[in-house]
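Nothing in this text is a laboratory measurement; each read-out follows from the coordinates by a stated rule. None of these values were measured; they are calculated from a predicted model. With ideal geometry, Cβ positions are generated from the backbone for all residues, glycine too; neighbour counts draw on all protein chains shown.
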Ligand code: ATP
Ligand code: MG
């Protein structure tokens, strides 16, 4: 008999769109009916409506050789032209594309005309350096406008970028450069993080020290002005841009021309080099950015806090917003520098209307207390988005109440590096939202929840999340490893056209989707399969708790036992002993969702192990809970965290 994931949490709060919001909604209900009636026709319409095609496509999808899909195959477009030139030609050149703010406080407002001009020069520099269509270019930059210019210039000449998060080590950089055989690296002397100058170029130098790569040049943006070592292959970005022609005409490329390689966050293991192409990817990025955030490019000020080193930074900082001609905020630094209200200050300053961030950030703000955001005027906010992990209902409510003033709808968006764009989300003007649920597939995407045997679980049950039909933004492969591509995502059910996401999900009685956490993290306690998300949400629902991670640790009696690691809010840390807190929380979980879920052990910790994109790495906590040596920590943001957790447990 097949086994499903048990369901414990019973969340019943509902928030329909206000009549005012619904009346002005960018998305109309026909999106759903049109997509249901003719899914491929719907995507073809979106591709034509949202993008400029140098050569129109006549074929929408080729799925004759699953899992290798081709979208809009005979069409031709230029991604950078779509994100830049066409807005200028349409008379919107004076619209601000980027309100950039450096961590130390300097600012730049860059219009679409200015950004276009800069990208044209950068494209000419790439050509001068011999970069041609299909070549790979590594980008290792802080969150400065040049990062976006670099990505778009690479796209403009039909080359392929591989953005490497600015905090990665020389080993991670060289692994990525080698995996993709990059010919050029674009970096900076340094950047600002947590109030300090951090060097970037030395890491690139070290990554290239063996001299075995194909890298011919390193293009260096001057950001901090610090001293850097210099070799023959190094060139200053500003000097090169000044040396080339200002004009560059964007050439069209085939819709399936590769756009980028991006490595996954590495939450579960070794990152995978995910390959995306142009036409389908840009269609889905633009469509979701417009509809999920109810975007009005003429009036909205949008801010996605993700680093460009992650997929969210690709699809919802660079490509989606710029394809839609949006105005956005780009911030270089950390949320707590120079003070813990920096983000809220930026929202007040730029009158941000749409905010897109991650549960990890929301929970950190919960830990610090609501009095910090309450010092700022956040009344401009009208849509709030969440991405990256399941959002606990209490964090969702806090986000809505404290940041959204109880009026801005919250949309929880589920997707992955592999999916390219948002797959499951409420549409804020149409969907009645539920705290903690990702809810419904976006129009044109088909999702199901299956048991181990591939059977639909039915309403009220949990199982494995799958995408049942190809979608435009889907990954086209793992770079250089078609076998791993097939094995990882398409072999699970013996049906080559079902995409296995690796996440657990539950359908509620109305058929809405709730993410339960990664399938690898599902626990088996006395024969019950329990997900991490619901127990964590129960812990976070207690007023003392800011954040929680649970894992299953092997147990002689129950097979596995639930072990929880929790962070207590600052305001509750003073008077209660750890033993009392643990006892209270165990009783709370037991009472709220049942004795089976009651953690056997609860450890009060100051931090949780997270990837650099802020996702909890439960496999490391499992190592600790089972007394094993701690596994691969290369994608961990702060390696000291594991030390401090191990000490807590002694
Ligand atoms: P790796 O695949 O290397 O372990 P990763 O899965 O963390 O890394 P990403 O592609 O950045 O890399 O993250 C996608 C994953 O993040 C999803 O599979 C899911 O587990 C989680 N996720 C993203 N958004 C949500 C969401 N809204 N709700 C629940 N989980 C989410
Ligand atoms: Mg993943």
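Angle between the Cα long axis of helix 170-180 and the longest principal axis of the chain, 0 to 90 degrees, nearest 10?
With both axes taken from Cα atoms, the answer is about 60 degrees.
In nm, to one decimal, how far is the residue 453 label point from the residue 169 one, both placed 7 Å along Cα→Cβ?
The two pseudo-label positions are separated by 4.6 nm.
Using the C-alpha atoms of segment 289-426, what convex hull volume per residue, in cubic angstrom, is computed?
Considering the Cα atoms of segment 289-426, their hull volume per residue is 98 Å³.
Compute the FRET efficiency between residue 23 and residue 349 as 1/(1 + (r/R0)^6), taking r as their Cβ-Cβ distance and R0 = 25 Å, and round to the nearest 0.05.
0.30
Separation of segment 124-193 and segment 527-589 by C-alpha centroid, Å?
Rounded to whole Å, the Cα centres lie 42 Å apart.
When the Cα centres of segment 620-641 and segment 196-235 are compared, how far apart do they sit, in Å?
Cα centres, segment 620-641 to segment 196-235: 31 Å.
With the Cα gyration tensor of the chain in hand, give its eigenvalues times 5 under a square root as the equivalent ellipsoid semi-axes, listed largest first in whole angstrom.
Gyration-tensor ellipsoid for the chain: 37, 28, 25 Å.
Tell me, in nm to one decimal, what length is gained between residue 33 and residue 640 on full extension, where the rule is 0.36 nm per residue of separation less the Cα-Cα distance?
Working it through step by step, the gained length comes to 213.4 nm.
Residue separation times 0.36 nm, minus the C-alpha to C-alpha distance between residue 632 and residue 231: what's the value?
Extending this stretch completely gives an extra 141.0 nm.
What share of all Cα pairs of segment 125-281, in percent, falls into each consecutive 5 Å distance bin?
Result, from short to long distances: 2, 9, 19, 22, 21, 15, 8, 3, 1, 0 percent.
At a 10 Å Cβ-Cβ cut-off, how would you order 381, 368, fewest neighbours first?
Listed from fewest to most nearby Cβ atoms, that is 368, 381.
Of all the C-alpha pairs in segment 38-334, what % are more than 29 Å from each other?
Above the 29 Å cut-off, segment 38-334 has 31 percent of its Cα pairs.
Rounded, prolate or oblate: which fits segment 526-649, taking a ≥ b ≥ c as square roots of the Cα gyration tensor eigenvalues, rounded meaning a/c under 1.5, else prolate when a/b beats b/c?
Judged from the Cα gyration tensor, segment 526-649 comes out oblate (a/c at least 1.5, b/c at or above a/b).
Once you have the Cα-Cα distance between residue 48 and residue 600, take 0.36 nm times their residue separation minus that, and quote the gain in nm to one decimal.
Gain on extension, residue 48 to residue 600, equals 193.2 nm.
Given the DSSP H assignment, sum -39500 (n - 2.57) over each helix run of at least 4 residues in the chain and divide by its residue total; what's the result at 222 nm in deg cm²/dmol, nearest 500?
Here the helix-only value at 222 nm equals -8000 deg cm²/dmol.
List 649, 642 from most exposed to least, where exposure is judged by having the fewest other Cβ atoms within 10 Å.
Sorted ascending by nearby Cβ count, the order is 649, 642.
Once you have a ≥ b ≥ c as the square roots of the Cα gyration tensor eigenvalues for segment 90-167, tell me rounded if a/c is under 1.5, and otherwise prolate or oblate according to whether a/b is larger than b/c.
oblate
Could you tell me the calculated FRET efficiency between residue 484 and residue 574, based on Cβ-Cβ distance and R0 = 56 angstrom, to the nearest 0.05?
Between residue 484 and residue 574 the formula returns 0.65.
Could you list 169, 174 in order of exposure, starting from the residue whose Cβ has the fewest other Cβ atoms within 10 Å?
Listed from fewest to most nearby Cβ atoms, that is 169, 174.
Mind giving me the FRET efficiency for residue 238 and residue 89? R0 is 25 Å, r the Cβ-Cβ distance, nearest 0.05 is fine.
Approximately 0.35, to the nearest 0.05.
Can you give me the angle between helix 145-156 and the longest principal axis of the chain, using Cα atoms only, in degrees from 0 to 90, rounded to the nearest 10?
Orientation of helix 145-156: about 70 degrees from the principal axis.
Can you give me the angle between helix 532-541 and the longest principal axis of the chain, using Cα atoms only, in degrees from 0 to 90, rounded to the nearest 10?
70 degrees
So if I take the centroid of the Cα atoms in segment 317-393 and the same for segment 26-102, what is the distance between those two points in Å?
If you average the Cα positions of each part, the centres end up 27 Å apart.
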